[in-house]
Amino acid sequence: MNNSVGNTARLIGAGLRALLVLTIVCGIIYPLVVTGIAQAAFGNKANGSEVKSGGKVVGSELIGQSYNLPKKNPDDAEEAARPDLHWFQPRPSNGLGSNQANGLNTRYDLLISGATNLSGDNDKLIQQVKDAKAAVVRDNSTPTYKVNPSDVPAEAVTSSGSGLDPDISPAYAKLQIHRVAEVNHLDVKQVQKLVDDNTTGRILGFIGEPRVNVLKLNTALKELVQK
């Protein structure tokens, strides 16, 4: 009987010591080491890849943002968003819908994200794409530059899998250059340089596709306009 109690006590003691050691190593030392390495070697990424403008954080380069005009009636859930054409526009973020009729904000909302589950031959999806394409052509055509519908890239009229994609293709960015230049009273070459400076190539030269981060591009645009 005494041996049984003694063995049990030893097992409990060993278990508690193991718990204490593992708690210190895995719960304190390891997180501190990983956090220290992350802060030292990848400070910006570890802190959320923040984008700053005028010394203030304006967002994360990992999460897309919308650039829309204020609603005429803030209480109208059915009112469609109107893009603010002073800015470069991101890809659509309406995979779950384009308004708040279902009680969910589906415009670059971090809490509610996702893609449409409509099939490629769904009439509703086809109409959404057609309407989005027509809007891209209309919004980005100027008196001196007409957008060819065949030049509208796929991501300009479709949302990403998460609905939070922060990037667009260089082709879509360049398609918007003339409109942005005209609305902001800038030279086209100035805006073209902004796009070129904010275009990121393939990772290691062969992984992925060239891309333009819309938030970083619009931050640079804001600074140029202010100058």
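The values are calculated or read from the model by the stated rules, or taken from the named source; none is laboratory data. Treat the numbers as computed from the prediction; the structure is a model and nothing was measured. Ideal geometry is used to build each Cβ from the backbone, glycine not excepted, and the neighbour counts take in all protein chains shown.
Among the candidates 38, 18, single out the residue that is surrounded by 10 or more Cβ atoms within 10 Å (Cβ to Cβ), of a type in the set (A, V, I, L, M, F, W, C) and more than 42 Å from the chain's Cα centre (by Cα). Exactly one residue qualifies, and that residue is 18.
Looking across 14, 81, 46, 77, one residue alone is of a type in the set (Gly, Ala, Ser) and at pLDDT 85 or above. It is 14. Within segment 155-180, the set of residues being surrounded by fewer than 20 Cβ atoms within 10 Å (Cβ to Cβ), at pLDDT 90 or above and small (Gly, Ala, Ser) comprises 169, 171.
Checking the structure you have, find out if any residue of segment 203-212 is surrounded by 15 or more Cβ atoms within 10 Å (Cβ to Cβ), closer than 15 Å to residue 169 by Cβ and assigned by TED's automatic domain parsing to the domain that holds residue 168. Yes, that holds for at least one residue.
Search segment 170-185 for residues being touching a residue at least 60 places away in the same chain (Cβ under 8 Å) and within 18 Å of residue 143 (Cβ to Cβ), and hand back the single one that is nearest to the chain's Cα centre (by Cα). By that ranking, first place goes to 176. Restricting the first residue to segment 36-50 and requiring it to be under 17 Å from residue 64 (Cα atoms), which pairs with a second residue that is assigned to a helix (DSSP H, G or I) meet a Cβ separation below 7 Å and a spacing of at least six or different chains? Close Cβ pairs (under 7 Å, with a partner that is assigned to a helix (DSSP H, G or I)) amount to 50/44.
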